[in-house]
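Comments concern the structure below.
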Amino acid sequence: MNDRIRRTAGVAGLAALLGLAACDASISPQFEVDGTGTVEGLLYFDADNDEIFDPSDGDGPVPGVGVAVRVRDTDAVIATGTTDDNGRFAISGVIAGTHDVFFDEASVPNGVFVCENPVRTTVTIDVPSFVGVPSRNACLVPIVDVQTNAAVGDFVIVRGIVTASPSQFDENDAFLQDETGGIALFTGALNGLGIEVGDVIEVGGTVSLAVQALQLENVSLREVVPDAGVVTPEPTTTGAIAATGSTPRDPLQNRLVVIRAAELLSPFDQGGDRNASIDDGSGATVIRVESVLSPDSGDGILTTTGMTVGNCYDVTGVVSAFFGTAQIFPRTVADIVEVPCS
Amino acid sequence: MQLNRPSSRTDRTVMYRLAAFVAVLLTGFAFAGPVSGQAASTTGLIRGQVLQQSGAPAATAVVTARNEGTGLERTALTGEDGRYVVRLLPPGQYTVTTQVIGFANSVREAVPVSIGQTTTVDFTIAVQAVEIEGIQVQTERSQIDASGANVAQLVNVEQIESLPSLGRDFVDFIELSGFVTSDPGETTGGQFSIAGQRPSGTNVQIDGVDANNSFFGENRGGSRIPFVFSLESINQFQIITNGFDVEYGSYSGGIVNVVTRGGTNEFEGTVYGNFRDDAFVASGFEAEDPGSFEVQQYAARVSGPIVRDKAHFLFSLDGQRRREPQVPLSLENQQPITEELNRYFDILENQYGVDNAAAGYAPFQTRNDVLTLFGRIDWNLNDDNRLTLRHNFADHDNGNEYNDFFDFAYGRSRAENFSSLSNSFVAELQSVLSDNAYNVFRFQWADENRPRSGQDVRPTLTVQVPGADALNSQDDGLLRYGGTFVAFQNLLDERKFQFIDNLTYTTGDHTLKMGGNALITTAFNRFQAPMSGFSGLQGAGEFVFESLDDFAAGNPVEYLRPFQQGERIPGDEFDVVEWAAYIQDEWRMTDKLTATLGIRYDQQSFSNNPDPVAEIEEAFGFTTGFAPTDSDNFSPRLSLAYDLDGDGRRILRAGAGYFYGRIPLVLGGNVIQTERPLVELRCSGEAGNPNAPPSVDGYSEWSTDGSDNPFSCRGGSDASVPTPTYTIWSEDFEYPETFRANVGYETTVGENSRLSVDVLFSQGFNQYNLRNLNLRPEQFRIQGEDRPVFTPIGVFSPGGQNDVASRINTDFANVYAVYSDGQNRAYLANAEFSHNFSPTTRITTSYTFNRAYDNISVSCCTSNGLYEDPRIGATSPNDLGDIGDTDKAWGISSFSRDHSFIVSGQTVLPLGIRMSGFWRLTSGRRYTPVVDGDLNGDGIDDNDLPFIYSVENLPLASAGTADEAEDRAAYQALLDENPCIAEQTGSYAERNSCTGPWTNRLDMKLSRSFDTFGGQRAELQLDFFNVVNGIGRLFCDADDQTDDPFAGACGWGRITTVTGDELYSVSSFDRSNRSYQYRVENDFGRERTLGNDLLLQFQMQIGFRYYF
């Protein structure tokens, strides 16, 4: 007890002597939420990834999964239940408030994932809250996880900004990039859908290493947000690109990059007369021009792009690989800008 | 919804209250003695005893008191003991005469009567000799109020006229009382604390009726208006700290009781004017230019008889004209973008219908003008009835109010016009019903209208123009037009009807007083708060254009607008009814001891319940849809006065009682305003999308009052509703209540001096506060500090936003419930000595000790402010704790000022120059050490109390590095410089445990009168403000300031404050150990001078007055 408290206590004692202590109005008790509600819900397999439970689309219940209502953002359990044969559960006596509903992953069938776990729900007094939770055969992951962890044949879901659209490539390739990395999408499924550079898309697909390049095959489009993002090309060198040719999981693979003042060393006389060598001084790599950019191959490409052997260019493009050889793919003529050789 | 509190609590409270009161009553009797009187809020009384020369009392003597100015006469008969009381005497000077058959008439002249006070006049009469008509005696002034135990300080018309006044606001004179908490830099105009209590607990009454703005808990007119009542119309006023008369109510702090003046039998008048501009103002405390302004004030008063001795009139006016230039963004200061600016003006003019657009960005002037008119008629209807009618009118025009930081890029289009128009009509009928019965009836009608409007509250037009230089403003790269911050159709209107009746009846040794008071207040408030997020500060909405081309093409990229769900502007209108009934007995127990025992009952209620909010009831189980009625407010009071010698020269007094105060009605307004969620519309989609910005086509035709501003996006998309905030009443809410007790002694010293000493105690309960129902319970504790955190550790960040993670229900933002957890306790003492050296030279000195404690120091207004302001120790922001809980919120009150020394006086210098002055030296305001960050995860930054570590235990961010030793040394130095921190090592810092710098202010006035003709005279006046600062400048050497701006004479009179209240900032949070690492804020406790725009430095004012 410091002096101040002692003095206060002393005067309080005097006040008590005068009968004042009895006047202390009691403070109202601290508020606690008064009332409970019920959390009801459904766990289902969302076969068509539309987040709508519709058995006619192949969706079905996921029974026998343990459900816990937990204090939000903690592991503390308020109440528990289990999904029934219809995938449904009802947990009553839950104090009103916003809580987490957590599904016991150990009791979820193999190959099924509850991608959003826990889900959040707000319980109000005497009014049941309902949570419908889809499960899937894959969950949205950062692209870097695909690059580093996913095995060939895994089904994954990724989301990112389109850096090269299907219309810019001969074989319906598109490139997607998020904050963690880039990935190629090999599919005809996106062709004709109007997907453009700058759109944010979410896709599902199977991991493959076709032509020894990492990509997703059998891609299904889940969501498109038009013109919702911009990817700034990452500055790199021709030598760095070339070094990734035999390492398809290299972080530079499938990214949008830019190389500066790189000299065109040869005409487009390789790879079906669509490849040429280009070098910024760090070691040559391959520049490949697709037919949608230049219908004519060989020297026709020089005409289309205005390039001249021996001149230097800033080139923006996505990085890919073809049987161990790294390539940079400019997407349009605008990606090739002649500059003085340094 | 009916408000039912637990009966056991109510019963217990009443029982305790009575028990406590009896205890104090008995304690008081142990040392208190006789003599007492009865206060009244607009009149005073004369009492005394008439004795024969033999010492025998003279019964049935007729005692007549005649007002020397107005001829008003009141008479009384002496009783068997020769005692008499003449009541219902308006303040002034009286001639008192006794007439007893067979005895010579005895006369006392110039007997002063003040409001609410008793003047004692005793007579000894002689047997009448044939040739003697009467014995005339110049009264010996009894300077002591012998009327009871009230603690009140009186300011009379002489002081008002003679002392320096910077703004001619009568409430500025309240600083003559040390019980009033002075706060330099904040005008006393709106709110002021008395006796350590909340400012909203102060009750201002003029002529015995309410003169408050109830909505904000301030005096009528508020804080912006320079003055609302003509200084020329004031007769006297009192600052009543403990007023035990049951007539006094509705205050938990104090009362400022003003009585206006009336005319007399003499025709007289005066005109007055003063002038001040920047040439009369010294540079700022840090040599800043004071800025350009000029202000003139003027006044006039005329009074006289309508019918001599029968009816009198007084009319006065007071006015001010103030001009202050403003320089917004203009062609002159934006030369690099002249071309763009001209194009912007062209577009504004031709496509958006803004006439003469360029002129709106030229320099302009802010107005601050006021005119008050006052008229009063006193009419002695007959010998028994006196009618007073008076009306006060005030018109304040604060035009083009402008903030050069926020408004710079908008030009004059963003200046706002604030005005205040108030009327107050009062009628008072004083009636002598019989020899022993008197009645006073008062009626008031008052209206106060405060609209605040923008120049053009169509949506703001914001255009991004690279190169537009904000010049210390916030809007770099922007050109802007129109809209408003909070002036969107803003209006506060308050109307009052009040009836008061007091009946006094004397019988034997008892004087009974009974009466009632009914006050009906109708409040209307329309207020659109600006948006809280994204763009912010826009109350009228905003179109954003990314370029001048887009501006020209009418292609906004975004449209933002706040409003209330249902496409309306938040508003509320409600009635509040206050009524009181009271009775008291003034019992002259002996010749020397008078006891006044009374009881008062108050009830306050909102007549309109807010709508229920079903969402709150379903989410929290908390009842809504009601407003509080407080029906158990019984206030017993006892006042004792003991006249030690029976001559009114030495008085011992003691009193105790309960008092109920008001709450600012804005608390109820906050509830009604959130009956529906507030919405923030944001339209930012591309053309063709539902949420595309609405078209600006036709903007030029839209009404400038904002009524055409769009409520939806172009595609008709609904507003985006943010997480709503609500305010609701708690069922446990009760109105503020204060117990007060005081003992005092007052004596005359010789014939020309007076000394008084009073000791006061008060304890307040049920002071309003807010709790946040949506705050989660404690989630974990910080190691080493035992500090509770309300956000789960997995998502907690002391430097981040914890507002959502700390909520119980994320569908809501804060859900405020109005509670009454606030408590306070104050210990005060006052010693005052006054001495008249001569009729023209007198001095009054006082020392006041004012130490108040509380668990929340707030007064008014917004829910956010009331919730976030409290600093809480080791518990929840919802748990203020009880009296003495220093580990919670209990601490010294922000309204406490330990020491105040006040000297005022006047004298006459050679050459007939009259000099008066007022000096006040007050200890500093309290401040609370805090930590930068949200240490308890309640979603509120920078309001958590620091745990005070010892130097060696402070967990420093630099621990283990080369900087550690230096940082610990710096912390040690900080502890050495701030003992208020050092002495709390090992515990949480208490609220307001540190004290800012003292303030020292001396104002003086020199005046010289010149006789003109016909008894008329002229007077030249020179007022000097902050004289100490002015003297310091004479001796200040600029070289002294290079190291320390406060060195030597350079620092004299500088008014400073502490700006550094952050002791630590959090550097990092160790999640695994649940502990913080801190950085020490070396600026803690640093003093800074108060702002230049406050004009607190030395300055002068020249005035002229003419009396006729």
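We did not get these values from a lab; they are worked out from the coordinates using the rules stated. As the structure is a computational prediction, the values presented were derived from the model and not from experiment. Neighbour counts run over all protein chains shown; Cβ positions are idealised from the backbone, glycine included.
Key figures for this structure:
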| read-out | value |
| --- | --- |
| Loop-located GluC sites (Glu not before Pro) in the range B:697-793 whose Cβ has at most 11 other Cβ within 10 Å (DSSP) | B:E751 |
| Average Cα contact separation per residue, the range B:151-268, under 8 Å, 6 or more apart, as relative contact order % | 31 percent |
| Kirkwood Rh in Å, taken over all unlike Cα pairs in the range B:427-490 | 17.0 Å |
| Linear extension gain, A:V337 paired with A:D269, 0.36 nm per residue minus alpha-carbon span | 22.4 nm |
| Order by protection proxy (mean Cβ within 10 Å, highest first), peptides A:53-66, A:268-281, B:923-936 | B:923-936, A:268-281, A:53-66 |
| Candidate aspartates and glutamates - alpha carbon under 14 Å from B:K310, same-chain residues fewer than 8 apart omitted | B:E68, B:E73, B:E266, B:D378, B:D383, B:D384 |
| Percentage relative contact order, chain A, counting C-alpha pairs under 8 Å, at least six apart | 11 percent |
| Stokes-Einstein D in µm²/s, Kirkwood radius over Cα pairs - the range B:201-360 at 10 °C with 1.306 mPa s viscosity | 76 µm²/s |
| Rounded to 10°, Cα long-axis angle of helix B:338-351 versus longest principal axis of chain B | 80 degrees |
| Positive-end residue, the range A:77-168 charge dipole about Cα centroid, Cβ charges, pick of A:V94, A:V158, A:G81 | A:V158 |
| Kirkwood Rh and Cα Rg combined as Rg over Rh, evaluated for the range B:658-731 | 1.22 |
| Cα-based Rg and Dmax for chain A, where Dmax is the largest Cα-Cα distance (Å) | 30.5, 107 |
| ³J(HN,Hα) computed for each position of the range A:120-129 - Karplus, 6.51 cos²θ - 1.76 cosθ + 1.60, integer Hz, glycine/proline x | 9, 9, 10, 9, 10, 6, 6, 10, x, 9 |
| Charge dipole (chain B, unit charges on Cβ, about Cα centre) - positive-most of B:I808, B:S695, B:F1024 | B:F1024 |
| Kirkwood Rh and Cα Rg combined as Rg/Rh, the range B:560-647 | 1.35 |
| Helix B:964-977 vs. chain B, principal-axis angle (Cα, 0 to 90°, nearest 10) | 20 degrees |
| The range B:335-380: trypsin sites (Lys or Arg not before Pro) falling in loop per DSSP and having at most 15 other Cβ within 10 Å | none |
| Interchain or long-range residues, amide H under 5 Å from B:D944's placed H | B:V931, B:L935 |
| Cα-based convex hull, the range B:191-243, per residue volume (Å³, whole number) | 87 Å³ |
| Under the Debye formula (equal points on every Cα, no solvent term), log10 I(q)/I(0) of the range B:445-580 at q = 0.09, 0.14, 0.19 Å⁻¹ | -0.48, -0.77, -1.08 |
| Order of A:S28, B:S703 - criterion: other Cβ atoms within 10 Å of each residue's Cβ, fewest first | B:S703, A:S28 |
| Extent along principal axes [Cα atoms of the range B:862-966; Å; largest to smallest] | 74, 42, 26 |
| Size of charge dipole - chain B - debye, nearest 20, with Cβ of Lys, Arg +1 and Asp, Glu -1, no other charges | 3680 debye |
| Amide H contacts under 5 Å for A:E263, placed H, 5+ residues apart | A:D279, A:D280, A:G281, A:Y313 |
| Percent breakdown of C-alpha pair distances by 5 Å bin, ordered from the shortest bin, for the range A:261-342 | 3, 17, 31, 30, 15, 4, 0 |
| Shielding of A:31-41 by partner chains, average beta-carbon count, 10 Å | 4 |
| Sites B:S330 and A:T74, calculated FRET efficiency, Cβ-Cβ separation with R0 60 Å, nearest 0.05 | 0.55 |
| Unit charges at the beta carbon, dipole of the protein assembly as shown: most positive-side option, B:G1091, B:L519, B:V295 | B:L519 |
| Estimated [θ] at 222 nm from DSSP helical runs (n ≥ 4, -39500 (n - 2.57)) normalised by residues in chain B, nearest 500 | -2500 deg cm²/dmol |
| Normalised contact order of chain B, rounded percent, pairs of Cα under 8 Å and 6 or more residues apart | 10 percent |
| Degrees between helix A:3-17 axis and first principal axis of chain A (Cα, 0 to 90, nearest 10) | 30 degrees |
| Sorted largest first, extent of chain B alpha carbons per principal axis (Å) | 110, 66, 66 |
| P(r) histogram, all alpha-carbon pairs of the protein assembly as shown included - 20 Å bins from 0, percent | 8, 28, 33, 18, 9, 3, 1, 0 |
| DSSP-assigned coil residues among chymotrypsin sites (Phe, Trp or Tyr not before Pro) in the range B:229-321, each with at most 13 further Cβ atoms within 10 Å | B:F267 |
| Charge dipole (debye, nearest 20) of chain A; +1 at Cβ of Lys and Arg, -1 at Cβ of Asp and Glu | 1280 debye |
| Residue of A:D34, A:D227, A:D73 that the Gaussian network model of chain A assigns the largest fluctuation, springs spanning Cα pairs under 10 Å | A:D34 |
| When the range B:960-1072 is reduced to its Cα atoms, the Kirkwood hydrodynamic radius in Å | 19.5 Å |
| Inter-chain Cβ neighbour average for residues B:816-824, partner chain, 10 Å | 2 |
